[in-house]
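Chemist: One structure, as structure tokens, below. Some questions next.
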Amino acid sequence: MSDNQPSTQFPGVAALVEVMRRLRDPNGGCSWDQQQTLTSLIPYTLEEAYEVAAALTSGDFAAIKDELGDLLFQVVFYTQLTSEQGQFDFDQVAGQCAEKLIRRHPHVFANQGEQLAPAEVKAQWERIKQQERQQQQASPSVFAGMADNLPSILQALKIQKRAASVGFDWQDLQPVMAKIREELDELAAELPQPNNQDRIEAELGDLLFAVVNLARHAQVNPEQALRRTNQTFQQRFMAIEANLAQRGLHAEQLSLDELEQEWQAVKKAAAQHGEIKLSE
């Protein structure tokens with residue numbers, strides 16, 4: 001075996017950790033990997049997370065396996081860097097994660113045999129998280145320690161979950177729906193006003209926040225729901241383009257009413273035969 005190849009004695013994760021160590025080795029490692037820092041890797045981590053989401057949506061298990069490996073590599077990369085700084089290594093991260101899961105699932109590990117409904121498990125999880133935050137954070141705020149660089153939809157969801165963990169939440173869907181109607185009416189009142197972009201932006205933000213709240217109460221991930229709609233819209237419009245191309249036409253040559261007719265035809269076909277995946 002070449003000195004440039006990882007030993008086959010390291011199965012699975014251990015092999016990946018060893019490969020990462022070799023890539024960062026000052027003697028014979030990779031120059032690109034040697035230059036990376038904890039912050040320089042952030043864009044790649046975000047990209048890999050979205051690629052995992054895309055693979056999961058596609059249902060392609062070969063792609064899912066590949067993208068999960070790429071995301072795992074990001075974790076191993078970070079822990080190699082922190083290990084070099086004398087902070088912690090991959091095994092310590094994994095061990096702490098295991099301890100956290102045990103702590104947040106007392107119905108499984110502390111009170112074996114206790115049966116909880118999924119909603120009760122979620123409520124228990126949030127309650128324990130809140131207790132942990134109160135013990136760990138100097139700030140008493142329910143939002144202490146919350147990341148401020150999440151995509152806005154996911155940040156809204158986290159904000160709402162944090163507020164709900166201390167009881168600031170509606171218990172059924174009716175007031176949630178009423179809030180959406182209220183915010184929609186307030187937006188409608190602002191739209192006709194001249195030089196009013198600031199108020200329109202504020203009201204539109206309130207409406208989006210209320211819609212995220214509805215998704216949370218309906219137990220739907222709003223990011224996933226919007227991603228699904230984005231994909232569906234793209235699939236249908238690409239089908240319109242394909243249909244027009246067969247007739248020697250382009251979308252910009254049609255009026256809005258004509259495009260709407262094409263849209264309805266594609267939508268009807270999709271209902272009968274199923275959506276066509278973008279990858280097909």
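The values are calculated or read from the model by the stated rules, or taken from the named source; none is laboratory data. Quick caveat, the model's predicted, so the values are computed rather than measured. No Cβ is skipped: glycine too gets one built from the backbone with ideal geometry, and neighbour counts run over all protein chains shown.
Chemist: Does residue 109 satisfy the criteria of being in contact (Cβ under 8 Å) with a residue 40 or more places away in the chain and at negative phi?
Modeler: No; evaluated as a whole, the condition is false for this residue.
Chemist: Now for a different question. Going residue by residue through region 119-133, is there one that turns out to be touching a residue at least 12 places away in the same chain (Cβ under 8 Å), assigned to a loop (DSSP other than H, G, I, E, B) and out of contact with any Asp or Glu (no Cβ under 9 Å at 6 or more places or on another chain)?
Modeler: Within region 119-133 (the criterion being touching a residue at least 12 places away in the same chain (Cβ under 8 Å), assigned to a loop (DSSP other than H, G, I, E, B) and out of contact with any Asp or Glu (no Cβ under 9 Å at 6 or more places or on another chain)), the answer is no, since none of the residues qualifies.
Chemist: Would it be correct to say that residue 150 is under 30 Å from residue 227 (Cα atoms) and either part of a helix (DSSP H, G or I) or more than 22 Å from the chain's Cα centre (by Cα) (or both)?
Modeler: For residue 150, the condition - under 30 Å from residue 227 (Cα atoms) and either part of a helix (DSSP H, G or I) or more than 22 Å from the chain's Cα centre (by Cα) (or both) - is not met.
Chemist: If a residue counts only when it is acidic (Asp, Glu) and at pLDDT 95 or above, which helices (runs of 4 or more DSSP H) contained entirely in region 1-115 have at least 3 such residues?
Modeler: The helices (runs of 4 or more DSSP H) meeting that bar are 61-84.
Chemist: Same structure, new question: Give me a count of the residues in region 177-215 that are exposed (fewer than 11 other Cβ atoms within 10 Å of the Cβ) and not in a helix (DSSP H, G or I).
Modeler: Total meeting the criteria: 4.
Chemist: Quick one: residue 172 ticks every box in (1) under 30 Å from residue 12 (Cα atoms); (2) surrounded by fewer than 12 Cβ atoms within 10 Å (Cβ to Cβ) except a single one, so which number is it?
Modeler: Going through the list (1) under 30 Å from residue 12 (Cα atoms); (2) surrounded by fewer than 12 Cβ atoms within 10 Å (Cβ to Cβ), residue 172 breaks only (1).
Chemist: Looking for whichever is touching a helix residue (DSSP H, G or I) at 6+ places or on another chain (Cβ under 8 Å) and in contact (Cβ under 8 Å) with a residue 60 or more places away in the chain here; the options are 208, 191, 259, 226. Which one fits?
Modeler: 226
Chemist: Let me ask another. Give region 68-105 a look and list any residue that's touching a Lys or Arg at 6+ places or on another chain (Cβ under 9 Å), surrounded by 13 or more Cβ atoms within 10 Å (Cβ to Cβ) and farther than 20 Å from residue 12 by Cβ, or say none.
Modeler: Those that are touching a Lys or Arg at 6+ places or on another chain (Cβ under 9 Å), surrounded by 13 or more Cβ atoms within 10 Å (Cβ to Cβ) and farther than 20 Å from residue 12 by Cβ: 81, 104.
Chemist: Does residue 273 satisfy being surrounded by 15 or more Cβ atoms within 10 Å (Cβ to Cβ) and under 31 Å from the mean Cα position of the chain (by Cα)? Even if it seems obvious, please write down each step before you answer.
Modeler: Numbers: surrounded by 15 or more Cβ atoms within 10 Å (Cβ to Cβ): no; under 31 Å from the mean Cα position of the chain (by Cα): yes.
Judged against the criteria, residue 273 is not a match.
Chemist: Could you give me the residue pairs with C-beta distances under 8 Å whose first residue belongs to region 33-49 and is exposed (fewer than 13 other Cβ atoms within 10 Å of the Cβ), whose second residue is among the aromatic types (Phe, Trp, Tyr) wherever it lies, and which are 6+ apart or on separate chains?
Modeler: 38/78
Residues are listed down the side, and each one gets a yes or a no for (1) of a type outside the set (Gly, Ala, Ser); (2) over 30 Å from residue 128 (Cα atoms):
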| residue | (1), (2) |
| --- | --- |
| 170 | yes, no |
| 173 | yes, no |
| 178 | no, yes |
| 187 | yes, yes |
| 194 | yes, yes |
| 199 | yes, yes |
